[in-house]
Amino acid sequence: MPIDVIMPQMGESVAEGTISKWLVHEGDTVEKDQPVVEISTDKIDTEVPSPVKGILKKILYPEGKTVPVQTVIAQIESAEQKGGMEIPEKRPEFAKKAEEVKEPERTEEKEKRYSPLVRRLAREYHVNLEEIKGTGEGGRITKKDIMDYVSLKPVISAPPPEEAEKRVVEREVLVPLNPKRRLTAERMIQSKRAAAHVTTVFEIDMTNIERYREIHNVILKKEGIHFTYLPFITLAAARALREYPIMNSSWTDDGILQKNYINIGMAVSLEDGLIVPVIRDADKKDLLQLSREIQDLAKRSREKKLTPEDVQGGTFTITNYGINGSLLGTPVILLPQVAILGAGAVVKKPVVIAGDAIAIRSMMYLSLSFDHRVMDGANADTFLRKIKDILEKWEVFSHKKDTSYEKEHTAPPTGYGGVW
């Protein structure tokens, strides 16, 4: 009985994937864990390995076809089920084709052996594929080969002259939708149609956070840690989610499903779209742990080294649109979650403080888009108020004991961050 090659589940909310490139042909022999097909979703591009050693008997869907997850896309005749049958190196007709391809070393024919994913990565990182030794079947260059090469060698960011010239000459260019952009568009439309979006906004005084960062950043940089605002916001959101679990839930036809775990997704903008890696059990991590994990996820997102597990299981999402200078946004909820927190840019401005005095403070807008089917405005405002209190009273908060947290954690070895 043939063994099925299945379109994998690449994320909790991912329902389908697109077959980008078949890496083997019908009749080819394959080794266990050898990549046989490249697939693309709105969250991740990856290769699907062969589940067994054997012969690829049947390809059920062509390149470019989008199919639901768990769909059988190919079948492999297993060597083990055949009682240790002898697997030919190549079937005669494919072996002949392989020789025909191998003999001439012309560049244009060699180029044909590069998969679309490899060619796209080469363009993105400005990598000359001729400089890379492939480790795949028959010396084929894989995604891992590209990423290993990029990690060892600085890349040139300037576009080739001919590309720059093309942009000037052509007045209009139709940019084809990649699978990630197409699926993201579909998900956003689905979210706006299904959820009753409402957005509430609070202004936050980040001056205490700013001072805390200035004090600790110099020391922490020596350990490779850079305190941005995001770890503070993530920690405050995680603690508020513990107090207001309705925000950490999802809508179902049978009722509102509250989650007893807090996995915070972090929206990361890439050249070809958004991706949302997940910080698991965010409420059980201290400021240093969150800083390290956020840095790691952001770095691996840009390098396209995330695993399917990195983008699964999110229960609440934070998007930091302020990184590009935006002050205020109304983010779209990532279904099946019921709320998303947006952080604007931190800017200094005059503010009226106690005693009707005017002072220069570091201010930021936090916006919370929530599903009005699940909660009312009062729920959203009390949740956002909790985050505001944590951030604005940071010095008090950072030295205030959180007994529920300390039951499981001790202070980090560096000693930074008060009770964390």
Checklist line | GLY83 over 22 Å from the mean Cα position of the chain (by Cα), among the small types (Gly, Ala, Ser), over 28 Å from LEU121 (Cα atoms) and at pLDDT 85 or above | finding: no
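For the range 349-369, check the following and say yes or no: at least one residue is among the acidic types (Asp, Glu), open to solvent by less than 20 Å² (accessible area, probe 1.4 Å) and either over 23 Å from TYR229 (Cβ atoms) or in contact (Cβ under 8 Å) with a residue 60 or more places away in the chain (or both).
Initially, the range 349-369 is screened for residues among the acidic types (Asp, Glu), giving 356.
Checking the rest, the ones that are also open to solvent by less than 20 Å² (accessible area, probe 1.4 Å) come to none.
Within the range 349-369, none of the residues are among the acidic types (Asp, Glu), open to solvent by less than 20 Å² (accessible area, probe 1.4 Å) and either over 23 Å from TYR229 (Cβ atoms) or in contact (Cβ under 8 Å) with a residue 60 or more places away in the chain (or both).
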Among the residues of the range 59-73, are any modelled with pLDDT of 55 or more and more than 28 Å from PRO2 (Cβ to Cβ)?
no
Within the range 381-396, restricting to residues that are among the β-branched types (Val, Ile, Thr) and touching a residue at least 40 places away in the same chain (Cβ under 8 Å), the one that is surrounded by the fewest Cβ atoms within 10 Å (Cβ to Cβ) is THR382
Being closer than 14 Å to LEU230 by Cβ, modelled with pLDDT under 95 and open to solvent by less than 40 Å² (accessible area, probe 1.4 Å) narrows GLY313, GLY322 down to just GLY322
| message | Looking at the range 66-81, can you tell me whether even one residue there is buried (at least 22 other Cβ atoms within 10 Å of the Cβ), closer than 17 Å to ARG119 by Cα and not hydroxyl-bearing (Ser, Thr, Tyr)? | response | no
Inside the range 266-282, the number of residues satisfying the requirement of being open to solvent by less than 20 Å² (accessible area, probe 1.4 Å) and either acidic (Asp, Glu) or within 23 Å of PRO176 (Cβ to Cβ) (or both) is 3
Of the residues in the range 304-341 that are under 17 Å from the mean Cα position of the chain (by Cα) and small (Gly, Ala, Ser), the one that is farthest from ASP371 (Cα to Cα) is GLY313
Pairing a residue in the range 214-233 that is under 18 Å from ASP296 (Cβ atoms) with any residue that is buried (at least 19 other Cβ atoms within 10 Å of the Cβ) and among the small types (Gly, Ala, Ser), where Cβ atoms lie under 6 Å and the two sit 6 or more apart in sequence or on different chains, gives ILE225/SER291; PRO231/SER291; ILE233/ALA343
(message) Residues that are in a helix (DSSP H, G or I), modelled with pLDDT under 95 and farther than 22 Å from ARG187 by Cα: does the range 325-340 have at least one?
(response) no
Selection from the range 178-234 of residues open to solvent by 60 Å² or more (accessible area, probe 1.4 Å), part of a helix (DSSP H, G or I) and β-branched (Val, Ile, Thr) yields ILE189, ILE215, VAL218, ILE219
Those residues of the range 286-306 which are free of Cβ contacts under 8 Å to residues at least 60 places away in the same chain, open to solvent by 10 Å² or more (accessible area, probe 1.4 Å) and either assigned to a loop (DSSP other than H, G, I, E, B) or touching a strand residue (DSSP E or B) at 6+ places or on another chain (Cβ under 8 Å) (or both) amount to GLU293, ALA298, ARG302
Of the conditions (1) under 22 Å from TYR229 (Cα atoms); (2) of a type outside the set (Phe, Trp, Tyr); (3) modelled with pLDDT under 95; (4) open to solvent by 70 Å² or more (accessible area, probe 1.4 Å), the single one that ALA411 does not satisfy is (4)
- Query: Is it true that some residue in the range 124-140 is over 30 Å from LEU183 (Cα atoms), in a helix (DSSP H, G or I) and at pLDDT below 75?
  - Reply: yes
Those residues of the range 56-76 that are within 14 Å of THR18 (Cβ to Cβ) and not small (Gly, Ala, Ser) come to a total of 10
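The values are calculated or read from the model by the stated rules, or taken from the named source; none is laboratory data. Note that the structure is a prediction, hence the values are computed from the model and not measured. Note: ideal-geometry Cβ built from the backbone for every residue, glycine included; neighbour counts use all protein chains shown. The accessibility values were calculated without ligands, DNA or RNA, using every heavy atom of the protein model including side chains. Shrake-Rupley method; radii C 1.70, N 1.55, O 1.52, S 1.80 Å.
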